[in-house]
Amino acid sequence: MSQMRRLRLVKGENMEDSLAEAFPKAQKRVRKLIKQYKEIGPPGRFAIMMMERSLDDAEKAAASGNVIDMIRAYNDLRGYKS
């Protein structure tokens, strides 16, 4: 079993989801949030910029395969609320 499969999430997350399962879900959720913030117009631009940067960091972490960076990126993505 890979290192990513063994990592389990905590703090209100589905305890059955591994990082490998939860990470893409978090990315998808933030992409949906970006669409919502675009509807707000100019007031949402700063938040959009921050979310896009977080998504870029998440994609780089996933591409590198560095689990620590992926956990950091995942926690960053979890911080965005609608």
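No lab work stands behind these numbers, since they all come straight from the coordinates. Treat the numbers as computed from the prediction; the structure is a model and nothing was measured. Note that each Cβ is placed from the backbone with ideal geometry, even for glycine, and that neighbours are counted across all protein chains shown.
Quick notes on this one:
- Subtracting the Cα-Cα distance of Gln36 and Asp17 from 0.36 nm times their residue separation leaves 4.3 nm of extension gain.
- Mean projection area, nm², convex hull over Cα of segment 42-82: 2.7
- Simple rule: put +1 on each Lys or Arg Cβ and -1 on each Asp or Glu Cβ in segment 42-82, find the dipole, and look at Gly44, Leu55, Asn66; the Cα lying farthest toward the positive end is Gly44.
- Per-peptide average of other Cβ atoms within 10 Å, ordering 41-51, 69-79 highest first: 69-79, 41-51
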